[in-house]
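A.B. asks: Take this structure, written in structure tokens, and hold onto it; I'll ask about it next.
The values are calculated or read from the model by the stated rules, or taken from the named source; none is laboratory data. Only a predicted model underlies this, so the values are computations on that prediction, with no experimental measurement involved. Glycine gets a Cβ as well: all are built from the backbone with ideal geometry, and neighbour counts include every protein chain shown.
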Amino acid sequence: MSVLLAVPESQVLISPLPCPSPRLFPFPRTWAIRAPMNENQTLYAAFAGHLSAALDALEAAGTLPAGLKRGAITVEPPRDTSHGDLSTNAAMVLAKPAGMRPRDLAEALVAELSKLDEVTSAEIAGPGFINLRLAPATWLAELRAIAAMGADYGRSNMGGGSTVNVEYVSANPTGPMHMGHCRGAVVGDALATLLEFAGHKVTREYYVNDAGAQVQVLARSAHIRYREALGENVGAIPEGLYPGDYLIPVGKALADEFGDRYVAAPESEWLDCFRERAVAAMLVMIRDDLALLGITHEVFSSEAELQASGKPDEAEAWLRSKDLVYDGILEAPKGKTPEDWEPVELPLFRSTRFGDDQDRPIKKSDGTWTYFGADLAYHFQKAQEADALVDIWGADHAGTVKRIKAAVAAMTGADGEPTPFEVKLVQMVQLLRDGEPVKMSKRAGTFVTLADVVKEVGKDVVRFTMLTRKPEAQMDFDFAKVVEASKDNPVFYVQYAHARVCSTLRKAAADGFGPSPDHVELLGEEELELVKLAAQFPRVVEAAAAAREAHRIAFFLGDLAAAFHGYWNLGNDRVEKRFINHQDATLTGARLFLAVQIGQLVRNGLALLGVEAVEEM
């Protein structure tokens, strides 16, 4: 039996403390560091093990019946830190199935947990929650564990090597990336990195919508620029086409390749060719734009190729064999029926079986695939190659979530458990400059490109800012505020914490001091509060991965930075609390050791977000 944490047990490797540069860390890279209770466990995982052993002991004594499910048991910090260091709901979860009163079970558990050397007190709160207080030595062991594990502190095998396909960005290939795409790109990329850190194998995928009407509009727009490149005065770009200058080089490339062959040719002769060339050029541009954010995808899946290979037909045939697609007539539109509406028999997917409000057509009346039909086949294909799927969509696609989740459940669960599938919706970002909206219009050719923004404020500022709010919440991106050197700017506040650590270490080295783990028992209560917060990182990583919410890492870093700055500010009023105490080299070494580990955790967290930790500001 084992206790399933809200965050499962981390598996990490012991490694020397990573040093970004000799200049920054002019002191030994390794120490004789003692690992925590178990060298492969961080503190919360170790106490989950202790709790599991206590429950096993109660089972052996006949106090608890054997075989109770422990999956809902958690070990976590109490909401109110005055209640203790750790809290568990074990007695509340197991009392009813055990036929016991929660407090009676809690008393039995407290008796077992109180035997641990690491526990200084175990108390029952409310109807049966158990709060534990830990000995300072326990937290100091975890501080040494951070040093021992270094960049691997927080790494987990929670995912067990299972494969997760994360599809994100997937913007129509009709132009360069703009800020409307940026947030989903960062959210998806950070999530993919987080899932890898938590033990999953991740495929980063971009679905290229190159089979719809918009790419035909792109081809017609490119044809105008092609004629322009051959010397024709094309005048204003017609309404409904893409007017952006980014198509000028595409037109020139077409002119260089084909000469005037297609200037006066009928559309049927050049449309497919120009579509393929224009889409290919747009994808090069998109890859380059995403690279500015440090984003790459392993897989680019083409909708056009999907349809050409007959995958939607295969999906339809399979769904019909399971009686999940039938030929039927759509209900008339609700409200006043349009004059041109007439009942048409179409192949309909039985999405109402899976919670949708009506069955959905997978083909149009002309026999071409609906977007839903093609998307259904695409997800069917992805599910054959992954244990779980995650899609990052813009909030404007909220109306299609229910039906595509119904489709995936139907296709993957017909003969067993359905493939886990989540859709994360990302709200748009409002661009501001000094509080004034920045207007953008893609069709007018005046939109603000992602490249423009990254070049102005930097990749790290853009990435971190996109993760400072939950994806489903609206976000303002003010060019002035995101580069402001203020505690109100979370990007600056976290980066400044790391820079402060680096600055302190440089100054200490110049004064002849260096970090040492030998006397960390000299650290006081204020320093231990920093350690207690830092020790939550592994469980935050696993909780964030389980919830598919990378922004939790940014939130944790904000809390850690605030706590570090708060401790730093103690030294402004109390000289004895400064990191460098020229009268006490031993205490200085212990505090510098603490500072090194806080810097390590900031680097670990920022790495998950794809952000570099700066050494000076």
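A.B. asks: Of the numbered conditions (1) under 30 Å from Asp460 (Cβ atoms); (2) buried (at least 18 other Cβ atoms within 10 Å of the Cβ), Arg287 fails exactly one; give the number of that condition.
C.D. replies: The single condition Arg287 does not satisfy is (2).
A.B. asks: Ser82 fails exactly one of the following numbered conditions: (1) modelled with pLDDT of 95 or more; (2) of a type in the set (Gly, Ala, Ser); (3) under 36 Å from the mean Cα position of the chain (by Cα); (4) in a helix (DSSP H, G or I). What is the number of that condition?
C.D. replies: Here Ser82 clears every test but (1).
A.B. asks: With over 24 Å from Val187 (Cβ atoms), of a type in the set (A, V, I, L, M), surrounded by 14 or more Cβ atoms within 10 Å (Cβ to Cβ) and not assigned by TED's automatic domain parsing to the domain that holds Val186 as the only criterion, which of Val501, Val482 stands out?
C.D. replies: Val501
A.B. asks: Another question, then. When you go through Met177, Met158, Met149 one by one, which is the residue that is hydrophobic (A, V, I, L, M, F, W, C) and in contact with a strand residue (DSSP E or B) (Cβ under 9 Å, 6 or more places away or on another chain)?
C.D. replies: Sole residue among the options that is hydrophobic (A, V, I, L, M, F, W, C) and in contact with a strand residue (DSSP E or B) (Cβ under 9 Å, 6 or more places away or on another chain): Met177.
A.B. asks: Right, here's the next one. Of the conditions (1) in a loop (DSSP other than H, G, I, E, B); (2) touching a helix residue (DSSP H, G or I) at 6+ places or on another chain (Cβ under 8 Å); (3) more than 20 Å from Leu134 (Cβ to Cβ); (4) modelled with pLDDT of 50 or more, Pro16 clears all except one; give me its number.
C.D. replies: Result: Pro16 fails condition (4) only.
A.B. asks: A follow-up question, please. Sort out which residues of segment 415-432 are surrounded by 12 or more Cβ atoms within 10 Å (Cβ to Cβ) and over 19 Å from Gly184 (Cα atoms), and write them in order of number.
C.D. replies: Result: Pro418, Thr419, Pro420.
A.B. asks: Check every one of the helices (runs of 4 or more DSSP H) wholly within segment 249-326 and list those with 2 or more residues that are in contact with a Leu (Cβ under 9 Å, 6 or more places away or on another chain) and in contact (Cβ under 8 Å) with a residue 24 or more places away in the chain.
C.D. replies: The qualifying helices (runs of 4 or more DSSP H) are 267-292, 311-321.
A.B. asks: Further, regarding this structure: Tally the residues that are of a type in the set (S, T, N, Q) and assigned to a strand (DSSP E or B), restricting the search to segment 167-220.
C.D. replies: Qualifying residue count, segment 167-220: 1.
A.B. asks: Tell me, which residue of segment 109-138 that is buried (at least 19 other Cβ atoms within 10 Å of the Cβ) and assigned to a helix (DSSP H, G or I) is nearest to the chain's Cα centre (by Cα)?
C.D. replies: Looking at the filtered set, the residue picked out is Thr138.
A.B. asks: All but one of (1) within 30 Å of Leu450 (Cβ to Cβ); (2) at pLDDT 95 or above; (3) not in a loop (DSSP other than H, G, I, E, B) hold for Gly154; which doesn't?
C.D. replies: So the condition that Gly154 fails would be (3).
A.B. asks: Another question about this same structure. Within segment 554-575, can one find any residue that is in contact with an Asp or Glu (Cβ under 6 Å, 6 or more places away or on another chain), within 30 Å of Phe421 (Cα to Cα) and either among the hydrophobic types (A, V, I, L, M, F, W, C) or free of Cβ contacts under 8 Å to residues at least 12 places away in the same chain (or both)?
C.D. replies: Within segment 554-575, none of the residues are in contact with an Asp or Glu (Cβ under 6 Å, 6 or more places away or on another chain), within 30 Å of Phe421 (Cα to Cα) and either among the hydrophobic types (A, V, I, L, M, F, W, C) or free of Cβ contacts under 8 Å to residues at least 12 places away in the same chain (or both).
A.B. asks: Counting just the residues of segment 290-322 that are acidic (Asp, Glu) and within 32 Å of the chain's Cα centre (by Cα), which one comes out surrounded by the most Cβ atoms within 10 Å (Cβ to Cβ)?
C.D. replies: Glu303
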